[in-house]
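*Asks:* I'd like to ask you about the structure that follows.
The values are calculated or read from the model by the stated rules, or taken from the named source; none is laboratory data. A quick note: this is a predicted structure, and the numbers were derived from the prediction, not measured. Quick reminder, even Gly has a Cβ in these numbers, built from the backbone with ideal geometry, and neighbours come from all protein chains shown.
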Amino acid sequence: MKTVLAGQHLVSPYCLVSLTPHGDERGKLISIESFRNISFGIKRFYYIYDTDPDWVRGKHAHSNLEQLVIAIDGACRFVLDTGKVREEIWLNRPNIALYIGKYVWREMHDFSYGCKLLVLASEYYQPEEYIRTYDNFIQLAKEQK
Ligand code: T46
């Protein structure tokens with residue numbers, strides 16, 4: 001999977017984004033700013049915690065949402081699918097974020113105990129823009145090409 005440096009314009013449907021930690025003997029700090037080191041404006045953030053390895057999350061795509069996902073603690077396995085390409089990635093480092101654009105099917109599997117995901121989102125929560133079945137996603141993804 002492609003990795004880009006934070007600040008580069010994000011044009012791929014999905015990619016890893018390398019974030020720069022500011023660190024010293026006290027620990028590390030990462031800052032993310034709309035339109036500065038990510039190419040979309042942040043309208044919402046949410047976090048996922050108390051996860052369980054036996055449950056799969058996601059299983060949907062979005063027609064109008066860009067997101068940056070960061071495993072700030074622990075790990076989980078992401079499946080990403082554009083309708084043409086399907087890839088898997090372990091998200092397990094707080095300085096490597098996952099950018100997911102529109103029309104990407106995502107699934108999250110194998111959460112480690114205590115895994116915490118922070119998600120920065122380009123839009124307010126709009127349940128109607130979720131694409132919730134894989135067949136519908138494949139059809140809509142084809143129409144985007
Ligand atoms: C995504 C992956 C990475 C809200 O009320 N507001 C919100 O902003 C969100 C995101 C969810 N919710 C409610 C809707 C459900 O009742 O929280 C509950 C769990 O949401 P969901 O089942 O969509 O969670 P995941 O982990 O399957 O998916 C979430 C995001 O929804 C999705 O956009 O890309 O995390």
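*Asks:* State which residue is surrounded by the fewest Cβ atoms within 10 Å (Cβ to Cβ) when the search covers only segment 29-58 and only residues that are among the basic types (Lys, Arg) and free of Cβ contacts under 8 Å to residues at least 60 places away in the same chain. Break it down stepwise before answering.
*Replies:* Going residue by residue through segment 29-58, those that are among the basic types (Lys, Arg) are 36, 43-44, 57.
Imposing the further condition that a residue be free of Cβ contacts under 8 Å to residues at least 60 places away in the same chain reduces the set to 36, 57.
Numbers: ARG36: 10, ARG57: 16.
Among residues in segment 29-58 that are among the basic types (Lys, Arg) and free of Cβ contacts under 8 Å to residues at least 60 places away in the same chain, the one surrounded by the fewest Cβ atoms within 10 Å (Cβ to Cβ) is ARG36.
*Asks:* Here's another thing I want to ask about it. Would you mind listing the strands (runs of 3 or more DSSP E) fully within segment 1-42 where at least 3 residues are touching a Ser or Thr at 6+ places or on another chain (Cβ under 8 Å) and more than 15 Å from ILE96 (Cβ to Cβ)? So that I can check it myself, show each step before the final result.
*Replies:* Numbers: elements: 3-5, 14-18, 22-24, 27-29.
It comes to none.
*Asks:* Of a type in the set (Lys, Arg) and in contact with a Leu (Cβ under 8 Å, 6 or more places away or on another chain), is that true of ARG36? Write out each step before concluding.
*Replies:* Values: of a type in the set (Lys, Arg): yes; in contact with a Leu (Cβ under 8 Å, 6 or more places away or on another chain): no.
No: the conditions fail for ARG36.
*Asks:* Out of the residues in segment 67-80 that are over 21 Å from SER122 (Cβ atoms) and part of a strand (DSSP E or B), state the one that is nearest to the ligand (Cβ to nearest atom).
*Replies:* As a first pass, look at segment 67-80 and keep what is over 21 Å from SER122 (Cβ atoms): 73-77, 79.
Filter once more, so that each one left must be part of a strand (DSSP E or B): 73, 76-77, 79.
Values: ASP73: 16, CYS76: 10, ARG77: 13, VAL79: 12 Å.
The extreme case among them is CYS76.
*Asks:* Just name the residue that is farthest from the ligand (Cβ to nearest atom) out of those in segment 46-66 that are among the aliphatic types (A, V, I, L, M) and not in a loop (DSSP other than H, G, I, E, B). Let's see the steps before the verdict.
*Replies:* Taking segment 46-66 as the starting set, the residues that turn out to be among the aliphatic types (A, V, I, L, M) are 48, 56, 61, 65.
Now drop any that are not not in a loop (DSSP other than H, G, I, E, B), which leaves 48, 61.
Values: ILE48: 6, ALA61: 9 Å.
Per the stated criteria, the residue is ALA61.
*Asks:* Suppose the filter is at pLDDT 95 or above, within 12 Å of the ligand (Cβ to nearest atom) and touching a Ser or Thr at 6+ places or on another chain (Cβ under 8 Å); does GLU123 pass it? Step through it out loud before you land on a result.
*Replies:* Details: at pLDDT 95 or above: yes; within 12 Å of the ligand (Cβ to nearest atom): yes; touching a Ser or Thr at 6+ places or on another chain (Cβ under 8 Å): no.
No, not satisfied.
*Asks:* Residue by residue through segment 81-110, note down the ones that are part of a loop (DSSP other than H, G, I, E, B) and within 10 Å of the ligand (Cβ to nearest atom). Give the derivation first.
*Replies:* Kept after step one, since they are part of a loop (DSSP other than H, G, I, E, B), are these residues of segment 81-110: 82-85, 92-95, 101-104, 110.
If the condition is that a residue be part of a loop (DSSP other than H, G, I, E, B) and within 10 Å of the ligand (Cβ to nearest atom), then VAL104 is the only one that fits.
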